[in-house]
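See structure below.
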Amino acid sequence: MPKYSLIECKLRRYFYLGHEFCIYVPPSIRTSFWNEHHHDDVTGVRIIGKIVKKNKTEEINSIVPIILKIKKEGKLLDDRLLTFALAVCARFNLEPCVKMVADAYAAVSTICTDGLKLLMFVKFIKLVDNILFDQGFLTNTSNGHGRGFSKSMTNWYLKRDPLLTTEHIVRNKCYDGWSHKDVMKLIHLHSTEPCRIMYIVYTLSGIEKVEKLFGSKMKDVCIEDSDETFENKQLKFIYNFLKQVESIKKMDERALRYEIELNRWGKEPEVIPREMLKSSTILTSLVMHLPLEKLLENTFFFAKNRLFHNSTPDVGLWEYILRFNNPILLKTSQIHPIEPFIQYAKYARTCINILKIQNNIMKKEEANTVSESIDDKLKMMIKLQKTPDKEEVVIQPTVENEGELFNEETQTQNQNDQTCDSASSSSNNTNHRKSAQNLKKSKQNSTISEKVESRRDQTSLAEATSEDNLRELRVQLADTIHRLSTLINNSQQINPVSTEEIVPDVIQSEVNDVNQNQPSVLYLIKPPPKLVDQLVTFLSEDLVKKTCEVLDPLGLRIMITYDSRLCMKRSMCACSRLISVHEAITLIILSLIYPEKLENKPTVYGLNSDINASKEIKIDYNQPLTFSSLESVLFKKPDSRGGSDSTDSDKKDIPEVYPHMSFKWAKANNKEFDVFVFLGNNKMNLRLFKRNMKVYQEHFKNPVKIILLCLNGKHYDQINLGRGNTLFIIGFDKNVGKLINSFIKDDF
């Protein structure tokens, strides 16, 4: 077990967890979860500020070497907080901090390994100045950045490999309001070397100025000529690279696909224009070259842009799946089994959320009869313009969704299971005429007009106020919808290229008083996207198993205690709101059990509301260990006789469970463990937790590590957790599994 100094322990916790204690909250909910005092930027300044306040030169000068040491280890999940801490060290102007400030600026080239991290450092410098001023470490906030800053920036731009520097500048041009152009202007960057002059001119003035200065000279330079100087060859490489980057903007799909397949841009998707990334042809080429972790992270983006639903769906789908077949690359990428399951939930369950929103909208409409409550992102409006002898049917999309109304992403998989409620909504004649005129002027609006004989003249419609007449009106409008669907189907057969698969599955409408001056309005809610079964199976089962197979065993004695009640299926995780608590529990247990040898499999203990019903869970390791098989073992349905679990599921106020019972069980059965993992939600009673933990440690005379996860959010006792050898995790995201392994391995 490595021995860290107190300063290094605090810094490591901050870099890994974003907190001064062993408490992890996912970054996406961190600012809303904590008050400002515990935001990670304020926390970083406070940790280093406390060290500076002690006025011990040796401790102050040890901070930057610790930052460099952790960077060299390469185990951090994200370098953002490491870069922020370096910026904090660089901005103190106290006398004992002179060496720390110099070391911090000297370390910029080591910590900021690419253009994005450099811009992050520049952004953090200004942020740190304001926080240091608020906390009293600076007497005033200066508008300047100082000589040390200018020198470190100049060294980063001018003392690295010219071609590599050019690539970094082009790949990451800006970050949060700062660009390389801003930095170069700020420090007045200049050089006498032609290679560096070229990318400085490109950044400040663009490719036209580069061609004006170097274009004629580059025509005479031949890279393959052995007599050519190295400087000219290097200059030619940079010139060609910049020309290629600019030419991407003018390429068509075929040319860009050829460039990507030559592996020139497959690993640098940042330089590809955003509009080109909507092409399934380009995305298929990118899939073959992207790093696995980036490929998995962008699964939902690929799905939105129809990589798995293009004209040749097998190409994009199977190219994506086959990329994960190499176990060596999979191990190198360090993808944890939690990550593909999160991508599966994001892909497969987003459409379920769409259906929930639609159902909620329909309920509101039935209760309030207010058509304006429909979300503009989900609705499209059908106007039925009435005249004495004819009616006109017009489909008008809302302003927010013009041109996207019939996007292929909105295909439904359960068309026959949806209900159709039709009615009419009151509107203003003038507004509808204006919207119809604007609709004809817009090229992106889709307009379908149908002229049919009216079943009822204008006078009878004006007198339709009784319930019987309203019923007849509903029948009439339902028949109109049927004819509209027939027209859409016919248009698909006539012109299948210009129209997509247009089958709305939910129709929402309102009934109000109808008279001769008011047209009828229907609201059609867009259907959810259609899922690809092969991709769903691959993400939720196959890739989870593949990533489990490349995990390294921990080799420690682990006991896992979890809340085994079926009410965990109804509790959703904080941060990853698409994943239930019982799924998160299953994933964590699977990742801890799978890589261990048979003789060292972790002990699993299930908690219940009834203390006497808590017991050890027996897992048959002779059977294939998968997510679904483990889930069925961990969360068994109660028998027909019922029990405490079945009664708890019907209660609004769910009783608590007692994790400390696992210490008593382990002591009573004389089982010695190195690590205890507790999985549940905020219904865990932790009042007797520390006392029983101390009794267990004294009994076996062995310190243990405690990992406690409250998966659905805040816990009432969280203020007392995260001290000593205890890691407290709130919520659930892709980093949870890796952080558990890092904590067990003493990385922090």
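Between amide H atoms placed 1.01 Å from N, distances below 5 Å from residue 579 occur with 573, all of them 5 or more places distant or on a separate chain.
Please report the carbon-and-sulfur percent of the accessible area for the range 104-200; probe 1.4 Å, protein heavy atoms only, DNA, RNA and ligands left out.
Within the range 104-200, the accessible surface is 52 percent carbon and sulfur.
What the phi angles of the range 244-251 give under the Karplus curve with 6.51, -1.76 and 1.60, with θ = phi - 60°, is a coupling list of 5, 4, 5, 6, 4, 5, 9, 6 Hz, glycine and proline written as x.
Using a 1.4 Å probe, what is the accessible area per residue for the range 521-610, in Å²? Present the calculation step by step, with values, prior to reporting the outcome.
On the way: 2940 Å² over 90 residues.
Counting only protein heavy atoms, the per-residue value for the range 521-610 is 33 Å².
Cross-linked pairs 126/151; 546/671; 173/250; 278/545; 615/664; 683/714: Cα-Cα separations exceed 22 Å for 546/671; 278/545.
Ranking 339, 58, 549 from most to least accessible surface, computed with a 1.4 Å probe over the protein chains only, gives 58, 549, 339.
Residue ranking by accessible heavy-atom surface, 1.4 Å probe, largest first, among 150, 216 comes out as 216, 150.
Rolling a 1.4 Å probe over the heavy atoms of the protein chains gives the range 30-83 an accessible area of 51 Å² per residue. All other residues whose Cβ lies under 13 angstrom from that of residue 720 are scored, Lys and Arg at +1 and Asp and Glu at -1, for a net of +3. In terms of packing, defined here as the mean over residues of other Cβ atoms within 10 angstrom, the peptides 78-86, 604-612, 623-631 line up highest first as 78-86, 604-612, 623-631.
For the range 666-748, report the accessible area per residue in Å² (1.4 Å probe, heavy atoms, rounded to an integer).
40
Rounded to the nearest 10 square angstrom, residue 37 shows an accessible area of 100 square angstrom against a 1.4 Å probe. Ranking 565, 691, 323 from most to least accessible surface, computed with a 1.4 Å probe over the protein chains only, gives 691, 323, 565.
Would you please put 205-212, 187-194 in order of how densely packed they are, using the mean number of other Cβ atoms within 10 angstrom per residue and starting with the highest?
205-212, 187-194
The values are calculated or read from the model by the stated rules, or taken from the named source; none is laboratory data. This structure is a prediction, so every number in the text was calculated from the model and none was measured. No Cβ is skipped: glycine too gets one built from the backbone with ideal geometry, and neighbour counts run over all protein chains shown. Keep in mind that these areas ignore ligands, DNA and RNA; they rest on the heavy atoms of the full protein, side chains included. Shrake-Rupley method; radii C 1.70, N 1.55, O 1.52, S 1.80 Å.
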